[in-house]
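Written below as structure tokens is the structure these notes are about.
The values are calculated or read from the model by the stated rules, or taken from the named source; none is laboratory data. Because the structure is predicted, anything quoted here is derived from the model rather than measured. Cβ placement follows ideal geometry from the backbone for every residue including glycine, while neighbour counts extend to all protein chains displayed. Side chains are part of the model used for accessible areas, which takes the heavy atoms of the whole protein and leaves out ligands, DNA and RNA. Shrake-Rupley method; radii C 1.70, N 1.55, O 1.52, S 1.80 Å.
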Amino acid sequence: MDFGFNLSPSSAVELDKVDTSLFRELCRIEPGARTCIGCGSCSATCTASEHSGMSVRKLLLSLQRGKMRDVEKMLTCCMLCGKCTMVCPRGINTRRIILTVCRLYENVEGRI
Amino acid sequence: MIERMSFPFHPFVLPFLIGMSFVLIYCLYGIVKILVQLTRDERRRFLLSLIKPSTAWKNIKDIFLNCLLHVKLWKRNRMLGFMHSSIAFGWFMIIVLGHVEVMLFLPDRVHLLYYPIFFNFFVAETESTIGGAVLFFLMDFFLLVILTGIVLAMVKRVRSRIFGMRRTTRASFLDTVGLYSLWAIFPLRLLSESFTAHISGGSFLTVPMNWIFRQFLGNDLYYLPTWWAYSIALGIFMAVLPFTRYMHIPAEMMLIPMRNAGLRIMHPRKGFARVQVLSCPGCGVCIDACPMSARKENLKDCTVYLNRQIRRGNEPRIEEISDKCLLCGKCTEVCQVGVDGPALRLAQRSMRKYGINQHYNIIDPEGYIGALGSAKVLYFAGCMTHLTPGIKKSVLSVLDKAGVRYSVMDPDGGLCCGRPMMMAGRWEQTRELIRLNTSIIKASGCDTLLLSCPICYRIFAQKYRLDGIRVVHHSVFFNELSRQGRLAVKRDPELRLAYHDPCELGRGCGIYDEPREAVSAAGVLVEGEKNREESICCGGSLGSITLSYEKRRDITLKSLMNMKAGSPDAIITACPLCSSTFGHYSDIPVKDIAELLDSKS
């Protein structure tokens, strides 16, 4: 029966069980990933956000929470235009983060 | 002139003969290998270009001017040009004249590879003729020219600044061996020819030296060891040549015809790329030119070291250097050989495998097409201009003032042009973005595509196939408007303006004059210390993937210092990324050309 609303699935993340190896590897390659303050400037400017919900802030958060599928979905429309880098108040090299994550996904199992 | 020996051979020629045969076989093998690595289409194009008269003539001209006379180096610095061309051209002339001598005096010996080189050892002069005297004079003259070059080369090792070079390449071990053997060849040749000058004849250099030496050396025993030493020096040089930077001598003769045939680098190591890498003479002109040399730790990330690492097969370093580069293209601009460092790096980047490959199927171009107007001029602001709204506003305002009817392609943000993807070496994604944008532009029915970002402009102008739609950068378009009188710009004779050439617009597309003209219409144009082809990247480039933003600070500051050489009141640029990057550090106003024209009209 459709009531026009439904229960959303639980979004609880059990941090003890999350595999954050990819995030740690990312931080080893680009230490700037740890300095994100989550201000959302990148989300606001992203060219791809309206197409795949891309946002570097969300990308880093999802990686830390082990939401690998979300990350992959987000990244499919990124055009590497560099707007996120240009607006980042922390001067994080976001394009390197994006390219590194795309590369590291070679070893992630169960890709879409 | 008669042959002095009963048999035209002496064991001392062996080191030279072995070295020479080795180089010839190696080069022949190299040529075959490179031809095999080319694709069928490239190979056909290359071989056809060799027999086509116009390209064949261009090849000969370019080889003569670049390999022998080093015209580009002369333009850079006369001392540097003289040093290189004296050695290259002098040596070439000695070889040619050596052959002329043999053909003139002992024509049946010309097939012996070593004979023209060691001519003076094998012959005895019976009568002096005017022809012989002229030839001997020329031989001595060119030997003197080479020796001057060698002395200059030695001076350059200690005082490179005299030659306009702040930094030079750090030579590897084999390069040093090659260098010292090269330096040894010509003094040894002078000595050995002097020692035998009373038998074989000589000219203004060798005859007096022969006389001096004979004053205190009692017998003729010393001349054979000298000829041996000369041959050994040649032999060592030839033997190490394929493994040193001196490989550029044969490789450049291959590079020039291949470039004239229009080949492009497709694979980072094979085919044309291999020729490019081998053609690098390791002179180090690109070290000073590289904007990254503002930081000492990045000195070894310029093209000359990339080429060296590729030759060594040092994969981690190749990756590191390829990713760090800003792709400003200055190394190619100053390179006397024209080694395309950015293209090598792009090819290297394109070899990567990614776990996530972007695809833009879900993007529907109809959504963008619906928002288009019907004007003949279509303005595409691009990502970078969207982040510098002042520039976008000024562009639209100038268009209004000039009465140009326009529509905006991306009023609320559009797609990326594809150039940043291309700079990451991801051709497939680039092609997809090009396809999407092309369909939007064609649907608009415009006849002019106006861009305010050089990054977009470069790819639209060079990679898009827009069938008759004119692609124009705003600096060029506004200059036209101002010349036609449609845009009245008030000139302020007190205002000093320095124009910064964005890499993508200047070196990338060769647009230097129109922006300058537009700036001159609004104020007094002053130049930075390095300008036009040699302008310094602002440091903001999207070309670099790994260079962090705090490290780019020094590059920006260096570039700013350069711009302030003429003590301008404001820095004008034609790129939103440059203006934003400079804006962070500059103490004088930084404006886009559109903002300047808007404020003065």
Requested in this report: Counting only C-alpha contacts under 8 Å and six or more residues apart, can you give the relative contact order of chain A as a whole percent?
Outcome: 29 percent
Report summary line: Here the averaged projected area of the protein assembly as shown, based on the convex hull of its alpha-carbon atoms and given in nm², is 40.5 nm²
Query raised in the report: Which residues' amide hydrogens lie under 5 Å from the amide hydrogen of B:Val471, considering only partners 5 or more residues apart or on another chain, with H built in the peptide plane?
Result: B:Leu449
Query raised in the report: Taking the highest mean first, how do the peptides B:150-162, B:71-83 order by number of other beta carbon atoms within 10 angstrom per residue?
Result: B:71-83, B:150-162
Report summary line: Violations at 29 Å Cα threshold for listed pairs A:Lys83/B:Lys558; B:Lys490/B:Lys551; B:Lys442/B:Lys490; B:Lys156/B:Lys300; A:Lys67/B:Lys353 -> B:Lys490/B:Lys551; B:Lys442/B:Lys490
**Report entry** Burial of 10 Å² or greater, segment B:323-370 residues [accessible area, probe 1.4 Å, versus chain by itself]
**Finding:** B:Arg352, B:Lys353, B:Tyr354, B:Gly355, B:Ile356, B:Gln358, B:His359, B:Tyr360, B:Ile362, B:Ile363, B:Tyr368
Report summary line: The rounded separation in angstrom of the Cα centers of segment B:214-265 and segment B:62-137 is 13 Å
Requested in this report: Evaluate the charge dipole of chain B about its Cα centre and quote only its size in Debye, nearest 20, assuming +1 on the Cβ of each Lys and Arg and -1 on the Cβ of each Asp and Glu.
Outcome: 880 debye
Query raised in the report: Once amide H atoms are built 1.01 Å from N in the peptide plane, which residues 5 or more positions from B:Asp592, or in another chain, come under 5 Å H to H?
Result: B:Thr573
Report summary line: The relative contact order of segment B:489-599, taking Cα pairs under 8 Å that sit 6 or more residues apart, comes to a percentage of 33 percent
Requested in this report: Mind giving me the nanometre distance, one decimal, between the label points for B:Asp220 and B:Leu104, set 7 Å out from Cα along Cα→Cβ?
Outcome: 2.4 nm
Query raised in the report: To the nearest 100 Å², how much accessible surface do chains B and A cover up together, summed over both, with a 1.4 Å probe?
Result: 2800 Å²
Query - Loop GluC sites (Glu not before Pro), segment A:13-60, which have at most 16 other Cβ atoms in a 10 Å radius of their Cβ (DSSP) - result: A:Glu14
Requested in this report: Rounded, prolate or oblate: pick one for segment A:27-112, where a ≥ b ≥ c are the square roots of the eigenvalues of its C-alpha gyration tensor, a/c under 1.5 means rounded, and failing that, prolate if a/b is larger than b/c, else oblate.
Outcome: oblate
Query raised in the report: Whole number please: convex hull volume per residue of the Cα set in chain B, in Å³?
Result: 187 Å³
Query raised in the report: So what is Rg over Rh here for segment B:373-517, counting just Cα atoms and using Kirkwood for Rh?
Result: 0.97
Report summary line: In order over segment B:428-437: 3J(HN,Hα) from phi, Karplus 6.51/-1.76/1.60, θ = phi - 60°, whole Hz, x for each Gly or Pro, gives 4, 4, 4, 4, 5, 5, 4, 4, 4, 5
Query - Karplus (6.51, -1.76, 1.60) ³J(HN,Hα), θ = phi - 60°, over segment A:53-65, in Hz, Gly and Pro reported as x - result: x, 5, 6, 5, 4, 5, 4, 5, 5, 5, 5, 5, 9
Report task. Measure nothing but the geometry: give the 0 to 90° angle between the long axis through the Cα atoms of B:552-563 and the longest principal axis through the Cα atoms of chain B, rounded to 10°. Result -> 90 degrees
Requested in this report: Could you rank the peptides B:50-63, A:52-65 by their average count of other C-beta atoms within 10 Å per residue, with the highest value first?
Outcome: A:52-65, B:50-63
Query raised in the report: Which trypsin sites (Lys or Arg not before Pro) does segment B:332-376 hold that lie in a coil by DSSP with at most 10 other beta carbons within 10 Å?
Result: B:Lys353
Query raised in the report: Got the relative contact order for segment B:264-350 handy, in percent, Cα pairs under 8 Å and 6 or more residues apart?
Result: 35 percent
